[in-house]
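Asker: Below is one structure. I have some questions about it.
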Amino acid sequence: MKDKIEKLKKELDEALSINEEETAGEIRSIGFECLRCARCCKKDHGDNTVSVFPSEIRLICETIGLMHEDIVIPTPSSDRDAEGNIHTFEWILRKNGDCMFLKQGLCVIYECRPHICKTYPFYLQDGRLMVSVCEGLGGKIADNESRRMAALLKDRYIAELKESILILETFRGFNPGGIGNLCVHDSEGEHWIHYVL
């Protein structure tokens with residue numbers, strides 16, 4: 001565990017020095033223009049699972065007035081402890097097939113949407129720019145928009161690394177003993193809940 005944490009901390013140090021202007025240049029060379037088709041939010045067009053951090057959950061809840069359990073579920077897992085309780089890491093937004101926040105083709109949490117949504121179809125992996133399938137790729141992107149996207153990508157990557165480090169630092173193993181049958185391990189510790197399996 002200690003080795004994983006040290007590796008992530010090294011990756012975090014490298015992430016902090018990512019040159020946003022270089023990333024913006026890569027984004028401009030790929031090209032992107034959001035077509036507002038909302039396909040990334042719909043079940044019919046691939047995996048529309050949205051992972052969210054505790055801070056993102058709180059922001060959404062505060063903004064729209066819903067409770068934590070109204071908007072997220074534990075990430076699916078088959079990891080079990082000795083008593084048969086399920087253990088999982090992190091949370092995902094609820095969906096009814098399509099994202100629960102997609103209403104009449106529009107995102108109703110657009111201003112407070114999670115990092116993953118703000119940066120789609122781009123993400124950073126091992127410090128390198130990666131691209132998901134999207135019909136908006138190849139479109140014309142303005143310099144200021146590519147810089148904004150590069151900054152968001154760096155912020156997201158740093159947040160993901162910090163979240164992973166905190167999860168590992170607070171993780172005490174798949175130990176039974178909580179109240180519930182499912183434990184979500186996130187950057188804020190263990191959350192035991194009663195969950196319909």
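The values are calculated or read from the model by the stated rules, or taken from the named source; none is laboratory data. All of these numbers come straight from a predicted model, not from anything done at the bench. Please note: Cβ atoms are built from the backbone with ideal geometry, for glycine as well, and neighbour counts cover all protein chains shown.
Asker: For the range 43-76, give me each residue that is of a type outside the set (S, T, N, Q), assigned to a loop (DSSP other than H, G, I, E, B) and in contact (Cβ under 8 Å) with a residue 24 or more places away in the chain.
Answerer: Taking the range 43-76 first, the residues of a type outside the set (S, T, N, Q) are 43-47, 50, 52-54, 56-62, 64-74, 76.
Narrowing further to those that are assigned to a loop (DSSP other than H, G, I, E, B): 46-47, 50, 53, 65-67, 76.
Of everything in the range 43-76, those that are of a type outside the set (S, T, N, Q), assigned to a loop (DSSP other than H, G, I, E, B) and in contact (Cβ under 8 Å) with a residue 24 or more places away in the chain turn out to be Gly46, Val50, Phe53.
Asker: From the list Asp3, Asp70, Asp79, pick out the single residue that is closer than 20 Å to His185 by Cα, among the acidic types (Asp, Glu) and touching a strand residue (DSSP E or B) at 6+ places or on another chain (Cβ under 8 Å).
Answerer: Values: Asp3 fails: touching a strand residue (DSSP E or B) at 6+ places or on another chain (Cβ under 8 Å); Asp70 fails: touching a strand residue (DSSP E or B) at 6+ places or on another chain (Cβ under 8 Å).
After ruling out the rest, the residue left standing is Asp79.
Asker: With the structure loaded, tell me whether Leu152 is under 15 Å from the mean Cα position of the chain (by Cα) and over 13 Å from Ala38 (Cα atoms) or whether it fails that test. Write out each step before concluding.
Answerer: On the way: under 15 Å from the mean Cα position of the chain (by Cα): yes; over 13 Å from Ala38 (Cα atoms): yes.
Criteria met by Leu152.
Asker: Kindly provide the set of residues from the range 15-55 that are acidic (Asp, Glu) and exposed (fewer than 13 other Cβ atoms within 10 Å of the Cβ), ordered by number. Spell out how you get there, then give the answer.
Answerer: To start, the set of residues in the range 15-55 that are acidic (Asp, Glu) comprises 20-22, 26, 33, 44, 47.
Listed by number, the residues that qualify are Glu21, Glu22, Asp44, Asp47.
Asker: Let me ask you something else. What are the pairs with Cβ atoms under 7 angstrom where one residue, in the range 137-151, is in contact (Cβ under 8 Å) with a residue 60 or more places away in the chain and within 16 Å of Glu20 (Cα to Cα) and the other, located anywhere, is among the aromatic types (Phe, Trp, Tyr) and surrounded by 13 or more Cβ atoms within 10 Å (Cβ to Cβ)? Sequence gap at least six, or different chains.
Answerer: Ile141/Phe32; Met149/Phe122
Asker: When you check Cys40 against the structure, is it closer than 24 Å to Ala151 by Cα, part of a helix (DSSP H, G or I) and modelled with pLDDT under 95, yes or no?
Answerer: On the way: closer than 24 Å to Ala151 by Cα: yes; part of a helix (DSSP H, G or I): yes; modelled with pLDDT under 95: yes.
For Cys40, the condition - closer than 24 Å to Ala151 by Cα, part of a helix (DSSP H, G or I) and modelled with pLDDT under 95 - is met.
Asker: Within the set of pairs 6 or more residues apart or between chains, which connect a residue that is without any contact (Cβ under 8 Å) to a residue 12 or more places away in the chain and crowded, with 19+ Cβ neighbours inside 10 Å inside the range 113-129 to a residue that is in a strand (DSSP E or B) and among the charged types (D, E, K, R) with Cβ atoms less than 8 Å apart?
Answerer: none
Asker: Collect the residues in the range 77-111 that are in contact with a Pro (Cβ under 7 Å, 6 or more places away or on another chain), surrounded by 14 or more Cβ atoms within 10 Å (Cβ to Cβ) and not in a strand (DSSP E or B), keeping them in residue-number order.
Answerer: We begin by selecting, within the range 77-111, every residue in contact with a Pro (Cβ under 7 Å, 6 or more places away or on another chain); these are 81-83, 85, 88, 91.
Within this subset, residues satisfying the condition of being surrounded by 14 or more Cβ atoms within 10 Å (Cβ to Cβ) are 81, 85, 88, 91.
Listed by number, the residues that qualify are Asp81, Asn85.
Asker: Could you list, ordered by first residue, the pairs with Cβ atoms under 8 Å in which the first is in the range 173-193 and assigned to a strand (DSSP E or B) and the second is β-branched (Val, Ile, Thr) and surrounded by fewer than 17 Cβ atoms within 10 Å (Cβ to Cβ), at least 6 apart or interchain?
Answerer: Leu182/Ile193; Cys183/Ile193; Val184/Thr75; Val184/Ile193; His185/Thr170; Gly189/Thr170; Glu190/Thr170; Trp192/Ile179
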